[in-house]
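Peer 1: There's a structure below that I have some questions on.
The values are calculated or read from the model by the stated rules, or taken from the named source; none is laboratory data. These numbers come from a predicted model, not from an experiment. In this analysis, Cβ positions are derived from the backbone assuming ideal geometry, glycine residues included, and neighbour counts consider all displayed protein chains. Heavy atoms of the whole protein, side chains included, go into the accessibility calculation; ligands, DNA and RNA do not. Shrake-Rupley method; radii C 1.70, N 1.55, O 1.52, S 1.80 Å.
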Amino acid sequence: MLQLMPHQEEVVKKLSNGKILWGGVGSGKTIAALAYYIEKDMCGDIYVITTARKRDKLEWEADAAKLGIGSARDATVAGVLTVDSWNNIHKYTDIEGCTFIFDEQRLVGSGAWVKSFQKIAKNNSWLLLTATPGDTWLDYAPVFIANGFYKNITEFKREHVVYEAFSRYPKIRHFLGEKKLERLKQELLVEMPFQKHTTRVIKYVDVPYDELQFKDVAKR
């Protein structure tokens, strides 16, 4: 069995259903999420919704194999692994009693992906992995709703969003109750601490060029 790094072990201890695992590229979010499934969850089969690029490169299958998780019933120590892209999330809305990992989250607004995500979240255990947890409070709304903090997006907007009075399109002026929103965010976010074991070395190199031609291009 793969030995987790210390920072991954700490993260697994903090994870639970409905949390957001937040960490940069290369921080080990994939292994930590799979280890959480093995050690603390183990709820039915495991489904990963990720980018088409990651699905096609079989990155999740490679990491899952390190923990004994396979894509066939007779080749796994846990449930069967299924990896698919966000474009196909609607195919899994009828699944119940399993574990879902939503990778590189695309849950913005209230479109088809968000509706499918919320249907899945009602009947399954789940985690969300991201390197960019959200730019505005509306980005967190789908996850807040999936965790039962709000009934729907209408309730969230009624409580927290103030729109410009005179605008041709819905334009947010400001948010209300930001202390509550910050508390909810901190309740869900689990940060993946990661210190690189390399040192950046900066070396400046003078490169010759045609000064006259460069000035001519810049001027004209």
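Peer 1: Taking the Cα of Q3, stepping 7 Å toward and past its beta carbon, and measuring to each backbone N in the range 55-89: which are under 16 Å?
Peer 2: Answer for this model: 67.
Peer 1: For the pair K115 and R183, how long in nm is the line joining their label points, each one 7 Å along Cα→Cβ?
Peer 2: 3.3
Peer 1: Now for a different question. Please report how many Lys pairs in the range 51-131 have alpha carbons closer than 18 angstrom, counting only residues at least 8 apart along the chain or sitting on separate chains.
Peer 2: 5
Peer 1: Calculated FRET efficiency, M42 and F175, Cβ-Cβ r, R0 41 Å, to nearest 0.05?
Peer 2: Calculated transfer efficiency: 0.60.
Peer 1: Starting from the alpha-carbon convex hull of the range 1-142, give the projected area averaged over all orientations, in nm². List each step's numbers first, then the result.
Peer 2: Values: hull surface 32.2 nm².
Approximately 8.0 nm², given one-decimal rounding.
Peer 1: Related question: Mind checking the per residue accessible area of the chain for me, 1.4 Å probe, whole number of Å²?
Peer 2: 61
Peer 1: Can you pull the one-decimal nm distance between simple spin-label points at K54 and A165, each 7 Å off the Cα toward Cβ?
Peer 2: Between K54 and A165, the label points sit 4.5 nm apart.
Peer 1: Count charges around T99 for me, please; just the other residues with Cβ under 9 Å from its Cβ, Lys/Arg as +1, Asp/Glu as -1.
Peer 2: Details: positive: none; negative: D41, D45.
Residues near T99 contribute -2 overall.
Peer 1: I'd like to compare 155-164, 209-218, 27-36, 82-91: which one has the highest average count of other Cβ atoms within 10 Å, and what's the full order after that?
Peer 2: Averaged packing, sorted descending, gives the order 27-36, 82-91, 155-164, 209-218.
Peer 1: Can you give the % of DSSP beta bridges in the chain that are antiparallel, to the nearest 5?
Peer 2: The answer is about 15 percent antiparallel.
Peer 1: Does the range 57-213 come out rounded, prolate or oblate, given a ≥ b ≥ c as the square roots of the eigenvalues of its C-alpha gyration tensor, rounded meaning a/c under 1.5 and, failing that, prolate meaning a/b above b/c?
Peer 2: It comes out oblate by the Cα gyration axes.
Peer 1: Moving to a separate point now. Could you please state how large a percent of the accessible area of the chain is carbon and sulfur, counting protein chains only and using a 1.4 Å probe?
Peer 2: The nonpolar share, carbon plus sulfur, comes to 52 percent.
Peer 1: Connecting C-alpha atoms closer than 10 Å in a GNM of the chain, tell me which of K180, K66, K14 has the biggest fluctuation.
Peer 2: Comparing K180, K66, K14 in the GNM, the peak value goes to K180.
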